[in-house]
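The values are calculated or read from the model by the stated rules, or taken from the named source; none is laboratory data. For clarity, every value in this text was computed on a predicted model and none was experimentally measured. Note that we place each Cβ from the backbone using ideal geometry, even for glycine, and neighbour counts take in every protein chain shown.
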Amino acid sequence: MSDDPDFAPISDADWPAALADMHAGFAGGLNVYRTMAHHPALLRAWSQLREHVVNRSALGRQRLEVVILRCGVRLGSDYEWSQHVIRARLYGLSDARIVSLRGPLSEMEPEDRILAGAVDELFADRALGRATQTALAALVGKEGVLDLIATVGFYSTLGYMLNSFQTPLDDEIRHALSANPIGDGSA
């Protein structure tokens, strides 16, 4: 076991044999998972939760991206913010709507205010108050409330890793944002 604290994304040449079957999928595609690949058992266990949070959430694609973008803001994770600007655009969010998620709740669309407010409440209070639970349940249902909490936990863990190890932004994300920067100039 190496005690070298280097957690740089693992290259193709050094990809762990224990994760050979995951290399061609999500795990080999992004630096965040190439970083997590330093712990093959963790990445393998992570994959099932990732599948639910990313692809099966009751929040739906646009609402999920709102939640993830606000998590990126709250975590101070440029990696998560940049990665999900690209995804949010793919799922139809306008740049104005995306940029609003960096600012105060009062400047967001009403639905985004509820979602981002819930994210903020989880970061600040480590719980959702009853009024927030009620507003969220009316918007996304009970499963959506649970998926929002799980998403915040999931992306917080990723953000802690990204920030701790200063994981570099993936080249394709950097190039996409260079070609089409987000309106606030922060990409």
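Details
- The number of residues in segment 158-182 being exposed (fewer than 13 other Cβ atoms within 10 Å of the Cβ) and in a helix (DSSP H, G or I) comes to 7.
- Within segment 1-116, helices (runs of 4 or more DSSP H) holding 3 or more residues that are aliphatic (A, V, I, L, M): 40-55, 61-75, 78-90, 95-100
- Matching residues, segment 173-187, being more than 14 Å from Ile98 (Cβ to Cβ) and either of a type in the set (Ser, Thr, Tyr) or modelled with pLDDT under 95 (or both): Ser178
- When Phe154 is tested against (1) among the hydrophobic types (A, V, I, L, M, F, W, C); (2) touching a residue at least 12 places away in the same chain (Cβ under 8 Å); (3) loosely packed, with under 13 Cβ neighbours inside 10 Å, just one condition goes unmet, and that condition is (3).
- Total residues in segment 92-112, condition farther than 22 Å from Gly159 by Cα, surrounded by fewer than 17 Cβ atoms within 10 Å (Cβ to Cβ) and without any contact (Cβ under 8 Å) to a residue 40 or more places away in the chain: 6
- Set Val145, Val140: member being at negative phi, in contact (Cβ under 8 Å) with a residue 60 or more places away in the chain and not in a loop (DSSP other than H, G, I, E, B): Val140
- Against the test of being within 20 Å of Leu30 (Cβ to Cβ) and within 11 Å of the chain's Cα centre (by Cα), the options Leu75, Leu90 yield a single qualifying residue, Leu75.
- Pairs are defined by a Cβ separation below 7 Å, a sequence spacing of at least 6 or placement on different chains, a first member in segment 35-52 that is without any contact (Cβ under 8 Å) to a residue 40 or more places away in the chain, and a second member that is surrounded by fewer than 18 Cβ atoms within 10 Å (Cβ to Cβ) and assigned to a helix (DSSP H, G or I); the pairs so defined are Pro40/Ala18.
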